[in-house]
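The values are calculated or read from the model by the stated rules, or taken from the named source; none is laboratory data. Since the model is a prediction, treat every value here as computed from it, not as a measurement. Here the Cβ positions follow ideal geometry from the backbone for every residue, glycine too, while neighbour counts run over all protein chains shown. Accessible surface areas use protein heavy atoms only, side chains included; no ligands, DNA or RNA. Shrake-Rupley method; radii C 1.70, N 1.55, O 1.52, S 1.80 Å.
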Amino acid sequence: MTDATSWQTATVVAIRPETARAKTFRMKLSEPTPHLAGQHYIVRLTAPDGYSAARSYSVASPPDDSGEIELTVEKLEDGEVSSFLHDDVIVGDEIEVRGPIGGWFVWNGDAPAILVGGGSGIVPLMAMLRYARNLGRTDLLHLAVSVRAPDELFYASELDPAEQTIVYTRTTPAGYARPAARIMGDDLEPYVRADLDAYVCGSAGFADAASHMLVDLGVPVHRVRVERFGPTG
Amino acid sequence: MAKVTRGFLGRHTDRDPRLPPGQYDTGNRWPVLTAEVTPKLDLATWTFKVEGLVEQPTTWSWDEIHALPASDYEGDIHCVTTWSKLGVHFSGVSVDTLLAAARPLPTASYVLAFSHTGYTTNVLLSDVTMGKAWVVWDYEGKPLEPQHGGPARLLIPHLYFWKSAKFVAGLRLMDHDEHGFWERNGYHDRGDPWLEQRYQGD
């Protein structure tokens, strides 16, 4: 699926905050390579003495011909790479990247699917939703996202509680109908059909809970694709 | 050669020599990366098979595999997503013991490990013999949790950890290489962390 890919230099062309702890880095690739919605890139930082640290980040931008990608990076406590990206990287910096990687957790733009994300797990799912919007096929996808509080929701300006399922687990916006609670079967049930693919992305605990929920609701187990985010800094 | 990143110095003053290139020490944490729904497997019906190019295809039940001579691994594990976990302890049975019962044919040189979920991964037969691989069910003296591949997983610690198939159901010995789940999706056929064989082409 994925071809052999080599390291290339990407130039940071824009940085925008998503939340207090997440930023999106838009990068111009020196060797533009088409990606699929859901794939990721590896970012490698190298010190003058040759020491390097690399981490994987999902692409948030949809497949297009811009030759640019957007990576949304959450700053983790103790995160060697995420802290550097957040605190030190400015527009114009050149960063080494490699990708796109991953041929499993991808949506090709033609099959109906339910997307369930927890916290920063929304990132690859947002690439899918944006792709569906570009294709004019939002009818194919339903996105459900779970966050602790409104100020932790990535891409809030592109999400609409009337169109997407937005679950708050601790604090809701004023007047929000659904009380703060963990995601549950009732949140997903209206959107589940047996012919759906499911894409679940989030922490290990979230991914396990959500994927079992989908199976219990009737999604065939082999149609559930899961991407678990470990604490990779 | 890697290009120096402006302003990056890194936190590598006390880098542990047990860490392969590009890896970091995840410490007490054990990140979970599984592409599928974590299965709930019943020990009463659980089996492990060695099949394919062997003289004696063999299936063990949970009790039968536990009756085999125990074998432990103490050392490090390395995930392709760049974390390593140092000084871990697993218990189970050596793959050598399982192969001794099934007796590989001279034509066998590749292995496809398969899981109860349908997950697969390919390795060289020589990468799972001579004390290099285990089927393990205990981690640090306790039953291996489902999120880490319990009730039993393959353990091939000298290769990246996706080769250590979770929920392992058996080994199929073959005379040719056949891509497993991640290998079909762009990951390396062998996966030696010291050579940074992460993706096809490395």
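For this structure, a couple of remarks:
- Scanning the stretch B:40-59 for residues that are open to solvent by 30 Å² or more (accessible area, probe 1.4 Å) and within 29 Å of B:V80 (Cα to Cα) turns up B:K40, B:L41, B:T47, B:K49, B:E51, B:G52.
- So B:G131, is it surrounded by fewer than 19 Cβ atoms within 10 Å (Cβ to Cβ) and either among the small types (G, A, S) or closer than 19 Å to B:A102 by Cβ (or both): yes
- Scanning the stretch A:28-62 for residues that are out of contact with any helix residue (DSSP H, G or I) (no Cβ under 9 Å at 6 or more places or on another chain), under 25 Å from B:G7 (Cβ atoms) and within 13 Å of chain B (Cβ to nearest Cβ) turns up A:S30, A:Y41, A:I42, A:T46, A:A47, A:P48, A:D49, A:G50, A:Y51, A:S52, A:S56.
- Yes/no for A:F105 being in contact with a helix residue (DSSP H, G or I) (Cβ under 9 Å, 6 or more places away or on another chain) and closer than 18 Å to B:G7 by Cα: no
- Contacts under 9 angstrom Cβ, first residue in the stretch A:71-85 being on the phi > 0 side of the Ramachandran plot, partner surrounded by 18 or more Cβ atoms within 10 Å (Cβ to Cβ), 6 or more apart: A:D78/A:G233
- Those strands (runs of 3 or more DSSP E) of the stretch B:1-116 in which 1 or more residues are under 30 Å from A:D197 (Cβ atoms), within 14 Å of chain A (Cβ to nearest Cβ) and hydroxyl-bearing (S, T, Y) occupy B:110-115.
- Filter pass, A:E152 being within 14 Å of another protein chain (Cβ to nearest Cβ) and within 24 Å of A:P62 (Cα to Cα): no
- For B:T121, the stated conditions do not hold, so it cannot be described as crowded, with 17+ Cβ neighbours inside 10 Å, β-branched (V, I, T) and in contact with a Pro (Cβ under 7 Å, 6 or more places away or on another chain).
- With respect to being modelled with pLDDT of 95 or more and surrounded by 15 or more Cβ atoms within 10 Å (Cβ to Cβ), B:W62 fits the description.
- Failed item, numbered, when B:P31 is tested on (1) out of contact with any Cys (no Cβ under 8 Å at 6 or more places or on another chain); (2) under 27 Å from B:Y199 (Cβ atoms): (1)
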